[in-house]
């Protein structure tokens, strides 16, 4: 039986979108593996050196080699430069290529520059030495090919999915009163600078009865955002809900006027699909892969244009016919994305790479 090892150190919701991707992929691969005629021995490594660290580069390849895998799946670009056995890599975006600057880091400038050069080396190794590359959208594929045209033939676009709890196929948590009784728009996800959540703060002054709810695990950028809210005197207009489990997040989405996603760069945009599945209208920026993923099921705005965002919020809030239409389109759109399909297509990539190795 062929053995595939998945680097699962970043699995879990605490690691935002990448963590969810790894967690869902592992769960659905396990289900698929039980049903196929020739299953693959899929193992995971959940502990090891901290990601993006020098120890990761020096030590993690030895940990992998001790497992004697036929293939390794790195579900993020941070592939060890010392690992020279067959591997597959998922590249979620090329954000660090696009958004260079000290505002995107908490490190001293000299350390950031060293880390950035390391990133470029690691990504290049991941792209050029991999047997196959998985990307979550055609937009990311285009960006990778622009940088590495020689890699085009081994890139596989595999869309991510929407978890059952958001599709109403899992029971939501019962017995807990909903904490908010005011009109609000919601944002979920990390608070990195490229997420551009500050533009929502900018437009709140145009809505006297509207608040912003932010569901995000605490981090350095969470603390920075909190300070910005306090600096602007918006403590009564912004609710920092912290980390919200999926079962509770369903309720947050259902009661929101809209989910607002103002990102300046996005390789997929999973939170918007999850909001759509629940029946929450989505207002999205036109950046990155978002129009590709959301299609006609979102109201779009230029992420640098506050006036457009104001107009979209008002349209969703005040035009009930338009609101109902967007809710219906969103539910239909979310049905198109399945973690089961994502896992099946990923398994096909594994099988192709393993056959390639066997034939050599």
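Just so you know, all these numbers are worked out from the coordinates, no wet-lab data involved. Fair warning: this is a prediction, and the values are worked out from it, not measured in the lab. Glycine gets a Cβ as well: all are built from the backbone with ideal geometry, and neighbour counts include every protein chain shown.
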Quiz item: What angle, in degrees between 0 and 90 and rounded to the nearest 10, separates the Cα long axis of helix 320-334 from the longest principal axis of the Cα atoms of the chain?
Solution: 10 degrees
Exercise. Let me know the Rg and Dmax you get for segment 174-226 when you use only its Cα atoms, in Å.
Key: 12.7, 37
Quiz item: If you take the Cα Rg of segment 1-48 and divide it by 2.2 N^0.38 Å, with N the number of residues, what do you get?
Solution: 1.20
Quiz item: Taking only Cα atoms, what is the 0 to 90° angle, nearest 10, from helix 16-35's long axis to the longest principal axis of the chain?
Solution: 50 degrees
Quiz item: Rg (Å, one decimal) plus Dmax (Å, integer) for the alpha carbons of the chain?
Solution: 21.0, 67
Quiz item: How big is segment 184-334 by the Kirkwood estimate over distinct Cα pairs, in Å?
Solution: 15.2 Å
Practice problem: May I ask you to work out the translational diffusion coefficient for segment 276-319 at 25 °C, viscosity 0.890 mPa s, via Stokes-Einstein with Rh from the Kirkwood sum over Cα pairs, reported in whole µm²/s? | Solution: 226 µm²/s
Quiz item: Going by how many other Cβ atoms sit within 10 Å of their own, how do 123, 240, 128 line up, fewest first?
Solution: 128, 240, 123
Practice problem: Taking the chain as the reference, fit the longest principal axis to its C-alpha atoms, fit the long axis of helix 306-318 to the helix C-alpha atoms, and give the angle between the two in degrees, 0 to 90, nearest 10. | Solution: 70 degrees
Exercise. Mind sorting 333, 314, 255 by how few other Cβ atoms lie within 10 Å of their own Cβ, fewest first?
Key: 314, 255, 333
Self-check item: Percent of Cα-Cα distances greater than 21 Å, calculated over segment 1-86
Solution: 30 percent
